[in-house]
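Inspection log for the structure reproduced underneath, given as structure tokens.
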Amino acid sequence: MYGFRKSISAATFDGVLVFGISLKSALVIAQVLGYMTSKFIGIKFISEINKAHRARYILLLIGGAHLSLLLMALVPLPFNVFFLFTNGMCLGLIWGLVFSFIEGRKYTDLIALILSINFIFSSGAVKSIGRITIESWNVPELYMPFVTGCLFLPLLFLSVYLLKKIPPPQTAETLQRGERPSLNKPQRMALVRQFLPGLTAVILINLLLTVLRDIKDNYSVEIIRAIQPDASPAIFTRMETIASVVVILMLLGLSNMRDHFASIKRQHLVVGLGFFTILACSIALLNHKGNAITLLISYTIGLYISYNTLQCLFFERFIAAYKVRGNIGFFFYLMDSVGYLGSCFLILNKELFNTNTEWLPYFIRVSLLFGLAGMIAAVFSWRYFSRKFRAVPNTDNLVYGK
């Protein structure tokens, strides 16, 4: 999926303006707006999905995203920007579809962590491949995302074929992790009301992490150029590979805990540590202390130990610990819809009101603010969920409908 999404970040489109802002930012904003739109759609679509149709939807949606990349290259400026919106709208539903194949299982945490390496490694790998097609194959920047997507088509078909071979959860897994049924609108509203303060804190944490991740991912070329102008395309893969290995090693300890509530407690500690790392690295970058590339790698580790914990582990254990009758897809898309809305706002704020500010100092300033806010939100979230768990000794009372 990242082969059809993140390659746009490898281009720079230097000096090209549309709608009064840079073409690169216009494309990023359009894609993030599409992603945000799909998250709002996914609150209903993913939570009510017929599981028999998931593989078909994955192929249709990624196919639509790939076609959008071709149309972006063929349609003249500035109208081609619209097709990054449709690209993002198609791809924004993929994560929920894929995760529905693995949720509610004994090894969901471990599988999700392995899958989550996609967040880190694939982002760097796709940017490196995109730069290679531009610098070595002389592919024009507008055609580069479509060409990069073509390289990933065989892997896409193989991956979907293998997903269809995954068997349903066993009876013992259902008893231990709970059923994961579809949710209609009244059931979704009841769950939100039941856990509103805690969900608000989690949504805020995800908002901060999504904004930081999108700025870092989408403008990593500009950020690296400001730090090391002569860096080779391979630097993105090297940085993200180091970060991905460290992140999965750090998070493996969260995947083998039998006690769901204890896992939630440790997850909050990890999220708080991630935000502390983001804040510390941002202070060092601001004051030019230490090696900037090393600090960016450390920053990436802090960012993704928090982001992957929230995206891959929290709601799986939340549903099991509080015996919620529902599916992860609903919570994912409720959380991400707000996250991508915030990401759009921050990028627009930079392009419209901070036009003379380079991406590196803007990235550092936002990171300082969000690092501190994230630590406060993590503390509030833990206090809420711990009190909620202790207040109801028999957690069966927290099952929807009882």
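A crude spin-label estimate for the pair residue 287 and residue 52, with each label 7 Å from Cα along the Cβ direction, gives 6.3 nm. Equivalent ellipsoid of the chain: semi-axes from √(5λ) of the C-alpha gyration tensor, largest first, are 34, 25, 19 Å. Each Lys or Arg adds one and each Asp or Glu subtracts one; over the other residues with Cβ under 12 Å from the Cβ of residue 164, this totals +4.
Protection proxy ranking of 351-360, 331-340, 53-62, by the mean of other Cβ atoms within 10 Å over each peptide's residues and highest first, is 331-340, 53-62, 351-360. For an R0 of 30 angstrom, estimate the FRET efficiency from the Cβ-Cβ distance between residue 280 and residue 232 and round to the nearest 0.05. Rounded to the nearest 0.05, the efficiency is 0.60. Over all other residues within a Cβ to Cβ distance under 14 Å of residue 250, the charged ones net out to 0, with Lys and Arg as +1 and Asp and Glu as -1. Separation of the alpha carbons by more than 24 angstrom is noted, of 6/350; 165/185; 165/216; 106/165, for 165/185; 165/216. Under 5 Å between amide hydrogens, built in the peptide plane, is the criterion, and for residue 17 it picks out 23 among residues at least 5 positions away or on other chains. The Cα-based radius of gyration and maximum Cα-Cα distance (Dmax) for region 243-402 are 18.0, 57 Å. Karplus-based coupling profile of region 287-293, in residue order and whole Hz: 9, 6, 9, x, 6, 5, 5, with θ = phi - 60° in 6.51 cos²θ - 1.76 cosθ + 1.60 and x standing for Gly or Pro.
Here the contact order of the chain, divided by its residue count and restricted to Cα pairs under 8 Å and six or more residues apart, works out to 27 percent.
Calculated over region 1-88, the projected area of the Cα convex hull averaged across directions stands at 5.9 nm².
The phi-based Karplus calculation (6.51 cos²θ - 1.76 cosθ + 1.60; θ = phi - 60°) puts the 3J(HN,Hα) values of region 313-319 at 10, 4, 6, 4, 6, 4, 4 Hz, whole numbers, x for Gly and Pro. Put the Cα centre of region 260-304 next to the Cα centre of region 54-117 and the gap is 28 Å.
Using packing as a proxy for protection, rank 133-139, 209-215 so that the peptide with the highest average count of other Cβ atoms within 10 Å comes first. All intermediate terms of the calculation are to be shown ahead of the outcome.
Values: 133-139: 13.9, 209-215: 23.6.
In decreasing order of mean packing, 133-139, 209-215 become 209-215, 133-139.
Potential lengthening of the chain between residue 182 and residue 294 amounts to 35.9 nm, from the contour at 0.36 nm per residue minus the alpha-carbon distance.
Read-outs throughout are calculated quantities, based only on the coordinates presented, and are distinct from any laboratory measurement. Please read all numbers here as calculations on a predicted model, not as lab measurements. Glycine also receives a Cβ, built like all others from the backbone with ideal geometry; neighbour counts cover every protein chain displayed.
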